[in-house]
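Trainee: My structure is below; once you've seen it, I'll send some questions.
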Amino acid sequence: MTEYKKNILVSGGDGFIGSHLVEALSNLDYEIFVIDNNITSIPRNTNLNNVKHIKSSIEFLDLNEIPEIDIIFHLASIASPLVYKNDFNNVYGPNVLGTMKLIELSERDHARLIYSSTSEVYGMLSNEYINENQGIKEDSIARIHLLTERSIYASSKRMGEELIYHFKQRGGDAVNIRFFNVYGHGMDVVNTGYGRVIPNFINGILNEGKITIFGNGNQIRSFLWIDDAIEALITVMNYQGVLPDAVNLGNNEPISINDLAKILIILLNKKCSIIYEKIDRDDPLWRKPNIDLAEKLFNWKPKVSLIKGLQELIGGSKTKYPTNLFYLIDLLCNERCSKCSHWKYGKCKEVHDMKLIYNFINEIETLEEVCFVGG
C-alpha cells in the first residue's frame, strides 16, 4: 500500500524564510506548492521534483487550480520598508486579502493554516511597560502609532491576525506566528533600506566603508537564526494539540544596534564609519520576545546564538567572506592587542559567554582602538 504524501502550500515560498522552508520540506518528501508573485524574489528550488511553482499574488490565486491541501504556510508579504512604503498593496494585499483567500482554502480542505505575523504588531512596547527580564508576551498590550509611513505593515499584519483569530473561533485549525527579526543566508541584499539592519550593515561595511544607524543606536533587538525559525515552523506543523491563537518565535538574547554594528565590524575586519540619522517615530526602541509558550507547547527554543549565527552568515562555508571571530574570542581570553603584537587567534574554539562579548564591546569607545594586525 502506497503511503499518502501530504500536500503543502507555501505562499511566499520563493522569499527568504519561504525558500528555506520549502527546501526543508522537500527533504521530508512532501508535495509542495509554492505561490509567489516574485516582486522581490526569484524562483528558487526549481530543480526539486516535488515542488511546483505557481506565479501569482496570493490574493488573486484561483483555488480551482489548487489540489486538496493538508498544510498551509502563509508567508507571503513584502517585509522591506523600502518597498512597501511605495505601494501599500504589497502588504495589504497578501496579509488581508491573501489571508482571507487562504482561510477559504483551509475551510475547503480542513487544512492547518500557519500565518506568519511579526513582532511589529506589538508596536512601541518598551521595558518601561513590561518586565524586561520576562520579555514581550503574546498577551502584552500593544502600544502603537497610527497613520505613519510604516504603520501599514504592522496594521496589515494585525488585521491578518484578527482574521486568523476569528477563523479559529469558527473551528479553524490555525495559528499566528510572531517572528522576531529572522536572519540568515539568502536575505535580500538589494531591497534593504530602513529596517533591514543586518544586511544593511554587512553591505555597508563590505562595500561602502560606512553604515547608517537610525537614532542613537541604543534601541534593543533580538535576532533569530533562519535554521531555528524553520525548525520551529515544522514543529508547529506537526503539533498534535490545539494551536494557540498566537505564539512568539524569536531568540530571547537582546542586543543594542550599536553593539551589533561593532560586532559585525570586528568580525568582518574592515574599517568602517558610523553615521547617525533621525529615527522614524514609530521605530520600536525595545524588542525582546518571551518564548515560554513555544517552549511549553512545542518543546522548542533556539539553538544558535547571535555570535554563532553571524559567524556562519559572514564566514561560513556558504559565503566568500573571511571571519574575524577568533580575533574577537582572543580578546575575551585576555589576549588583547597592544597595537604592536600579532593576534594569537585559535586559542579558543568556542564562545564561552555572550555576556563577555557584550562587556568587551561596551569597553570599545571608538573602533580605532581595535588593531587588526595580520588580519
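The values are calculated or read from the model by the stated rules, or taken from the named source; none is laboratory data. Quantities reported herein were computed from a predicted structural model and do not represent experimental measurements. Positions of Cβ are generated from backbone atoms using ideal geometry, with glycine treated the same way; all protein chains shown enter the neighbour counts.
Trainee: Of all residues in segment 137-185, how many are buried (at least 18 other Cβ atoms within 10 Å of the Cβ), within 17 Å of the chain's Cα centre (by Cα) and not β-branched (Val, Ile, Thr)?
Mentor: 10
Trainee: Also: Only one of Ser317, Ser305 is of a type in the set (Ser, Thr, Tyr), at pLDDT 75 or above and closer than 23 Å to Ile265 by Cα; which? Walk me through it before giving the result.
Mentor: Values: Ser317 fails: at pLDDT 75 or above.
Just a single option satisfies the conditions, and that option is Ser305.
Trainee: Restricting segment 208-236 to residues that are in contact with a helix residue (DSSP H, G or I) (Cβ under 9 Å, 6 or more places away or on another chain) and over 20 Å from Arg287 (Cβ atoms), which is surrounded by the fewest Cβ atoms within 10 Å (Cβ to Cβ)?
Mentor: Going through the qualifying residues, I end up with Lys210.
Trainee: Scan segment 30-47 and tell me whether some residue there is surrounded by 21 or more Cβ atoms within 10 Å (Cβ to Cβ), under 25 Å from Asp173 (Cα atoms) and at pLDDT below 95.
Mentor: No: segment 30-47 contains no residue that is surrounded by 21 or more Cβ atoms within 10 Å (Cβ to Cβ), under 25 Å from Asp173 (Cα atoms) and at pLDDT below 95.
Trainee: Hey, among the residues in segment 246-262 that are surrounded by 20 or more Cβ atoms within 10 Å (Cβ to Cβ) and within 30 Å of Arg170 (Cα to Cα), which one's farthest from the chain's Cα centre (by Cα)?
Mentor: Val247
Trainee: Determine whether segment 139-150 contains at least one residue that is of a type in the set (Ser, Thr, Tyr) and over 30 Å from Phe201 (Cβ atoms).
Mentor: No - not one qualifying residue is present in segment 139-150.
Trainee: Restricting the search to segment 49-85, which residues are surrounded by fewer than 17 Cβ atoms within 10 Å (Cβ to Cβ) and of a type in the set (Phe, Trp, Tyr)?
Mentor: Residue satisfying the conditions is Phe60 alone.
Trainee: Let me confirm something: among Leu267, Leu243, which residue is crowded, with 18+ Cβ neighbours inside 10 Å and not in a loop (DSSP other than H, G, I, E, B)?
Mentor: Among Leu267, Leu243, only Leu267 is crowded, with 18+ Cβ neighbours inside 10 Å and not in a loop (DSSP other than H, G, I, E, B).
Trainee: If I ask for residues that are assigned to a strand (DSSP E or B) and at pLDDT 85 or above, which ones from segment 130-149 would you list?
Mentor: Selection gives Ile136 alone.
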